[in-house]
Amino acid sequence: MAMTDLLSAEDIKKAVGAFSAAESFNYKKFFEMVGLKKKSPEDVKKVFHILDKDKSGFIEEEELKFVLKGFTPEGRDLSDKETKALMAAGDKDGDGKIGADEFATMVAES
């Protein structure tokens, strides 16, 4: 499954472009712009599984760094600061990784 099966290619392009500058990433605005906030919980979990590159059932910090590339190959890598901020926002139980439910909660709260 491709990200464009769930989200509009145009929305993805706009959202990734809006955060192309270093240190500009804001996950709340990004999830809204990309259309993820309006998706069903099932679709949000499908997006999670696309972003979970190693299929571990979790998005670890190393995968988070490349979250924008998960939406489109043209996306930039997040900085260490942005990655840590995103992990802090999503990792509700403090285990150092984001599970599907934590991801869904992060999207819902955005």
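For the chain, a crude dipole built from +1 on the beta carbon of Lys and Arg and -1 on the beta carbon of Asp and Glu, taken about the Cα centre, is about 380 debye to the nearest 20. Heavy-atom accessible surface of segment 34-104, averaged per residue, reaches 51 Å², computed with a 1.4 Å probe. In the chain, helical runs assigned H by DSSP with n ≥ 4 each contribute -39500 (n - 2.57); averaged across all residues and rounded to the nearest 500, the mean residue ellipticity at 222 nm is -14500 deg cm²/dmol.
Considering Cα pairs under 8 angstrom that are at least six residues apart, work out the relative contact order of the chain and quote it in whole percent. Relative contact order comes out at 30 percent.
The values are calculated or read from the model by the stated rules, or taken from the named source; none is laboratory data. Just so it is clear, the model here is predicted, and its values are computed rather than measured. With ideal geometry, Cβ positions are generated from the backbone for all residues, glycine too; neighbour counts draw on all protein chains shown. Calculation scope for accessible area: heavy atoms of the full protein, side chains included, ligands and nucleic acids excluded. Shrake-Rupley method; radii C 1.70, N 1.55, O 1.52, S 1.80 Å.
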